[in-house]
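The values are calculated or read from the model by the stated rules, or taken from the named source; none is laboratory data. Everything quoted here is computed from the prediction, not taken from an experiment. Note: ideal-geometry Cβ built from the backbone for every residue, glycine included; neighbour counts use all protein chains shown.
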Amino acid sequence: MRIQASAPGKVILLGEHAVVYGRPAIAAPLSGLRATVTVEPGRPGSGVVIEARDLGRTLHTSQEPADPLVVTVSNTLARLGVPDPGDLHLTIASDIPIASGLGSGAAVAVATIRALDAWFTELPNAEALAGSRLKARLRKQLTDAEVSALAYETEVLHHGTPSGIDNSVVTYERPIVFTRARGVEPFSLGRPLTLVVGDTGIASPTRETVGDVRRAWQADPARYEALFDAVAETVQAGRTAIERGDVPALGAAMRRDHALLQELGVSCPELDRLVAAAEEAGALGAKLAGGGRGGNMIALVTGETADRVAAALRAAGARRALVSEIF
């Protein structure tokens, strides 16, 4: 018996960092990039084993309880009311670049949660597999809100003070506007968008950049609150543009947002070089995506300019340049 679940990567179109301070952000799923988790019976007496193939690691939950992957499993089992799940083998595979601002950690967490939830709610013989230890039977599967909340607990381990946007957009797999006060608000696109994602090849230290912005905000709150307000204005302009299908206006909002992120101190020369190369090659707008100081940038393109922009990014030093549509 096997159960498999997957979850997409994500990209923040507008609003990163300011979202931590109550401002809105727009994010969208990258459904072509996914993390997949498979659950199947484990070797008798093995307990719960997690095989993270992309990391080259095999974890035993009883031996490494503080590891984020193990914590995700433990939190999910607790939420399901399964104190002793028996012998399980979880296999994790992902084609989402790690530490690059594309939501790899959130995608793995959501896929893990959903795979375990399905294992203990969908299999007709689940109770027999877990024997008398299984106490959460005949319940409904976790709601999207419950999945997102569990994934957020893992995001805290990865990022310290995350905004909540990664777990939200990965869970709902729809474009969303997110604020900490109001949560997730899915919305519709006036027309599909085409992005080129350019990878600097540099790990994006999200915990570090989030912490640095917080310290800078604490030292000069008036300046940083004004910057966060300016970011919020670009988000509103971007949302209006997206809903109207006004792609050039969205590009302008992205250019403004990148300039503000530079002022926040979270860009880097490699990101700035790729942003400039994309715009010189015909992108309507470009900006860093995610925590910054590495990771990825995104360029808004048309079907006619996508290949040219991708080639320009590779020529400018991008490790990879992926074309993706958002519907």
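Points worth noting:
- Taking region 204-250 as the range and being in contact with a Leu (Cβ under 7 Å, 6 or more places away or on another chain) and of a type in the set (S, T, N, Q) as the test, only 234 passes.
- Residues located in region 67-110, provided they are buried (at least 18 other Cβ atoms within 10 Å of the Cβ), of a type in the set (A, V, I, L, M, F, W, C), touching a helix residue (DSSP H, G or I) at 6+ places or on another chain (Cβ under 7 Å) and assigned to a loop (DSSP other than H, G, I, E, B): 82, 96
- Enumeration of residues in region 227-256 that are without any contact (Cβ under 8 Å) to a residue 60 or more places away in the chain and among the basic types (Lys, Arg): 244, 255, 256
- Search result, residues across region 1-31 that are at pLDDT 95 or above and hydroxyl-bearing (Ser, Thr, Tyr): 6, 21
- Failed condition for residue 62, given (1) at pLDDT below 95; (2) surrounded by 16 or more Cβ atoms within 10 Å (Cβ to Cβ): (2)
- Matching residues, region 255-283, being in contact with a strand residue (DSSP E or B) (Cβ under 7 Å, 6 or more places away or on another chain) and basic (Lys, Arg): 255
- Which listed residue, of 235, 247, 213, is at pLDDT 95 or above, surrounded by 14 or more Cβ atoms within 10 Å (Cβ to Cβ) and touching a Pro at 6+ places or on another chain (Cβ under 6 Å): 235
- Matching option when the condition is part of a helix (DSSP H, G or I) and either of a type outside the set (Ser, Thr, Tyr) or crowded, with 19+ Cβ neighbours inside 10 Å (or both), among 163, 148: 148
Per-residue answers, yes or no, for (1) more than 15 Å from the chain's Cα centre (by Cα); (2) closer than 21 Å to residue 4 by Cβ:
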residue: 26; (1), (2): no, no
residue: 29; (1), (2): no, yes
residue: 36; (1), (2): no, yes
residue: 39; (1), (2): yes, yes
residue: 49; (1), (2): yes, yes
residue: 57; (1), (2): yes, yes
residue: 60; (1), (2): yes, no
residue: 66; (1), (2): yes, no
residue: 71; (1), (2): yes, no
